[in-house]
Amino acid sequence: MTPEPANRIKIAVQKSGRLTDHSLDLLSRCGLKYTKGRDQLICFGENLPIDVLLVRDDDIPALVREDVCDLGIVGANVLEERRLQYLDEGDEAPFVLVRELDFGHCRLSFAVPEDMQFSGAADLEGLRIATSYPHIVRDYLRREGLTASVVEFSGAVEIAPRLGRADVICDLVSSGNTLRANHLREAGTILSSVSSLIQTPKAVPAEKAEWMERIKKRIDGVIQVSESKYIMLHAPRSALAEITRLLPGSEAPTVMPLEGRDDKVAIHAVCRENVFWETLEELKLAGASSMLVLPVEKMLY
Ligand code: ATP
Ligand code: ZN
């Protein structure tokens, strides 16, 4: 695609970390083919007017806010921290949340030393809390009417209690293994996070707007597809209503006659949720037979 730098869409993605492979895979599934620049900081789109900037995740909200990038993919935890920081500085709309994506699930939780008595948020009163999310933690304390001191750490928060720098911590958790390895126990979640797509708050020039919309639609489609299945089965006419009800997340199934059979029909449906073995067993009990579940490759509405 002819490069016209001003009209090309720039998407900020984490350079190297937990979100990198998922983000690049999402863009590939939207049809983007790219080559990495020599400095490994930019991927130039070959077939679409889209370039990908590879940066630290913490920098993504600012790049989108300042309109250096049009779109960005970053965890809701980083977004919320920056949103509160910019709010303190008087900026109420630094970026637009386009949609949540389907990877990077984690939670921001308090964790306390294993042997510490701790029964709830009220026990935070007067303690020292180590965290890389000072704005989120201060906002939480304010809302709960608590006074505690926040000790900022840029990484390795979990060692703060052992170093005597803090009493408890507030950090990201997914499996809880890191906490256990550091003799800490999770003691309450303050934010559930998932990776998210954000957009610049500035008006997008007309030449770019059409591709921006197209890429957002494709992302919607890719995420729907990964959650969707196409199901085909045979059913007794008499059980049609019950079987339609059991199909997960399906709106209007197609019902077709079966040659030479008045009592049975074929049903085809797109299910917008995964189809589990339990659902197939229930369908069978309701009279369904010859069931096939197929993955959906592309979807566009
Ligand atoms: P960078 O060098 O880009 O600053 P980082 O060390 O801040 O990297 P990662 O550890 O790669 O970031 O995490 C990126 C994002 O992945 C987090 O901000 C969060 O949204 C998400 N995430 C999912 N699970 C976890 C987890 N168990 N621990 C930390 N982050 C997680
Ligand atoms: Zn980071």
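The values are calculated or read from the model by the stated rules, or taken from the named source; none is laboratory data. Keep in mind the model is a prediction, meaning the values are calculated, not measured. Positions of Cβ are backbone-derived with ideal geometry, glycine not excepted, and every protein chain shown enters the neighbour counts. For the accessible areas, the whole protein counts, side chains as well, though only heavy atoms, and no ligand, DNA or RNA atoms are used. Shrake-Rupley method; radii C 1.70, N 1.55, O 1.52, S 1.80 Å.
Here are a few things to note about the model shown:
- Whether the chain is rounded, prolate or oblate, judged on the alpha carbon gyration tensor where a/c under 1.5 counts as rounded: oblate
- Fraction of accessible area attributable to carbon and sulfur, segment 1-120 (%, probe 1.4 Å): 48 percent
- Gyration tensor verdict on segment 163-290 (Cα atoms; rounded if a/c is under 1.5, prolate if a/b is larger than b/c, oblate otherwise): oblate
- Arg237 sits with roughly 120 Å² accessible to a 1.4 Å probe, with DNA, RNA and ligands left out of the calculation.
- A full extension of the chain between Asp67 and Glu259 corresponds to an added length of 63.1 nm, given 0.36 nm per residue minus the alpha carbon distance.
- Whole-number percent relative contact order across segment 179-270, with pairs defined as alpha carbons under 8 Å at least 6 apart: 25 percent
- Of all DSSP beta bridges in the chain, antiparallel share, percent nearest 5: 75 percent
- Within segment 190-214, backbone nitrogen closer than 19 Å to the virtual label 7 Å beyond the Cα of Arg99 toward Cβ: 193-201, 209-214
- FRET E, pair Asp91, Glu281, Förster distance 30 Å, beta-carbon r, rounded to 0.05: 0.05
- Length-normalised contact order of the chain in % [C-alpha pairs under 8 Å, at least 6 apart]: 18 percent
- Rg to Rh quotient for segment 212-271, alpha carbon positions, Kirkwood Rh: 1.17
- Relative contact order, whole percent, for segment 1-89 stands at 35, derived from Cα pairs under 8 Å and 6 or more residues apart.
- Heavy atoms of Thr35 accessible to a 1.4 Å probe, total area in Å² rounded to 10: 70 Å²
- Ser196 contributes about 0 Å² of solvent-accessible surface, heavy atoms of the protein only, 1.4 Å probe.
- Paramagnetic reach from Leu246 (point 7 Å along Cα→Cβ, amide N under 17 Å) across segment 256-271: 264-271
- Label-point gap, in nm, between Lys298 and Ser154 - each point 7 angstrom along Cα→Cβ: 4.5 nm
- Order of exposure, largest accessible area first, which applies to His135, His22 with probe 1.4 Å: His22, His135
- Distance-filtered residues of segment 206-240 - backbone nitrogen under 14 Å, label point 7 angstrom along Met291 Cα→Cβ: 229-236
- Sites counted here are GluC sites (Glu not before Pro) in a DSSP loop (not H, G, I, E or B) having no more than 13 other Cβ atoms within 10 Å; the longest part of the chain that contains none of them is 126-250.
- Low-density loop cleavage sites - trypsin sites (Lys or Arg not before Pro) in segment 51-142, where at most 14 other Cβ are within 10 Å (DSSP): Arg56
- The distance linking segment 109-178 with segment 37-91 is 28 Å (Cα centroid to Cα centroid, whole angstrom).
- Counted charge near Met116, where neighbours are those whose Cβ lies closer than 10 Å (Asp, Glu -1; Lys, Arg +1): -3
- Estimated dipole of the chain in Debye, rounded to 20 [Cβ of Lys and Arg +1, of Asp and Glu -1, Cα centre]: 600 debye
- Nearest-ten-degree value, helix 20-29 long axis tilted from longest Cα axis of the chain: 30 degrees
- Residues of segment 1-120: accessible area per residue with a 1.4 Å probe, Å²: 51 Å²
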